[in-house]
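The values are calculated or read from the model by the stated rules, or taken from the named source; none is laboratory data. Bear in mind that the values here come from a model prediction, so they are computed numbers and not experimental data. Neighbour counts run over all protein chains shown; Cβ positions are idealised from the backbone, glycine included. Accessible surface areas use protein heavy atoms only, side chains included; no ligands, DNA or RNA. Shrake-Rupley method; radii C 1.70, N 1.55, O 1.52, S 1.80 Å.
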Amino acid sequence: MELWTSHTNPRKQVALSVACTVVGSILLYGFRDFRATGSNAMAGFLLGVLLLVIGGAAFLADGQQTVIVDRGARRITIKDANRFNSKTRTIAFADIVAVGMGYLGDRSDGVMWYYLVLTLHNGEEYPLFAPGRFFPGSLDRAIVTSWKQRLEEYLSQ
């Protein structure tokens, strides 16, 4: 029995949420007098609000995701656990029509997350190794391409 198991990195998720919260708080404080200083200050204040909300939501929703590709049982199990609940989803190899590759971000921002997109018989597209979950290797297109090839090989057997 061959298992391919991959885990997210919750520490990086927490670091990202803390960074958004800190920067948002600094912007809120720095541009708190936006009415007196004009519209650019209001934009800074609203950006601070947005970052604070994103940081807080990311902190509350942070958790760990584990993806287990079981070649012998011919299924993929995704275990999602966060502060409030945990859930498990199982996708049989037979339910997968195609494996694609998606990305989040663009080269000009300097951040590109790559992930696999499973197309299922019912038309659903399921993101595997989801972006922003900090799977090791998800920032490297070559590594994610190798995941795609590996999974396609498993599916063809």
Quiz item: Quick one: how many residues across the range 1-57 are hydroxyl-bearing (Ser, Thr, Tyr) and either closer than 30 Å to Gly72 by Cβ or touching a residue at least 40 places away in the same chain (Cβ under 8 Å) (or both)?
Solution: 4
Exercise. Working only within the range 110-132, note down all residues that are of a type outside the set (A, V, I, L, M), farther than 19 Å from Gln65 by Cβ and surrounded by 14 or more Cβ atoms within 10 Å (Cβ to Cβ).
Key: Thr119
Quiz item: of a type outside the set (A, V, I, L, M), closer than 23 Å to His7 by Cα and part of a strand (DSSP E or B), is that true of Pro131?
Solution: no
Quiz item: If only one of Ala73, Ala58, Ala81, Ala41 is in a loop (DSSP other than H, G, I, E, B) and surrounded by 14 or more Cβ atoms within 10 Å (Cβ to Cβ), which one is it?
Solution: Ala73
Quiz item: In this structure, is Arg141 open to solvent by 60 Å² or more (accessible area, probe 1.4 Å), in contact (Cβ under 8 Å) with a residue 12 or more places away in the chain and in contact with a strand residue (DSSP E or B) (Cβ under 6 Å, 6 or more places away or on another chain)?
Solution: yes
Quiz item: Among (1) open to solvent by less than 40 Å² (accessible area, probe 1.4 Å); (2) over 26 Å from Phe129 (Cβ atoms), which single condition is Thr8 missing?
Solution: (2)
Quiz prompt | Among the residues listed as Tyr103, Tyr154, Tyr126, Tyr114, the single one being touching an Asp or Glu at 6+ places or on another chain (Cβ under 8 Å) and not polar (S, T, N, Q) | solution = Tyr114
Quiz item: Hey, among the residues in the range 62-94 that are among the small types (Gly, Ala, Ser) and more than 16 Å from the chain's Cα centre (by Cα), which one's nearest to Gln13 (Cα to Cα)?
Solution: Ser86
Quiz prompt | Residue count, the range 93-109 (criterion: assigned to a strand (DSSP E or B), modelled with pLDDT of 90 or more and either open to solvent by 40 Å² or more (accessible area, probe 1.4 Å) or among the hydroxyl-bearing types (Ser, Thr, Tyr) (or both)) | solution = 3
